[in-house]
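The next block holds one structure in the form of structure tokens; read it before the comments.
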Amino acid sequence: MWLFFRRNKLKKQYDNQLIETVSEIKKEYYQKKRILEQSIEPSQSILMEYKILEAKYFFYIKQLKVRKIRTEKLL
């Protein structure tokens, strides 16, 4: 019985950690997106960083959906 409660506690802990990570990645992603939109000719390094952040952000969003985590702040 106690194992069930521990499992829920760990799941909540990892869910909260995932939410924090997604919010950090989201902030960085939109910051790089804004830089790209404002720059006339963006450098290759900024484009590469943007693509990496985009992939990470959408991966984490997909993980939130798989784990059925609903946050109104992020989505």
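Before moving on, here are some points about what is shown:
- Over 29 Å between alpha carbons, listed pairs 33/68; 9/33; 33/62; 9/51; 27/68: 9/33; 9/51
- Taking Cα centre as origin and charging only the Cβ of basic (Lys, Arg, +1) and acidic (Asp, Glu, -1) residues, the dipole magnitude of the chain rounds to 700 debye.
- With Cα atoms, 0 to 90° folded angle of helix 44-66 axis to the chain main axis: 20
- Normalising the Debye intensity of the chain to I(0), with uniform scatterers on Cα atoms only, and taking log10 at q = 0.18 Å⁻¹ returns -0.76.
- Theoretical gain in end-to-end length, residue 51 to residue 34 [0.36 nm per residue, Cα-Cα removed]: 4.8 nm
Taken together, the values in this text are just the output of simple stated rules run on the coordinates, not laboratory data. From a predicted model like this one, the values you see are computed outputs, not experimental measurements. FYI the Cβ positions are ideal-geometry reconstructions off the backbone, even for glycines, and counts take in every protein chain you see.
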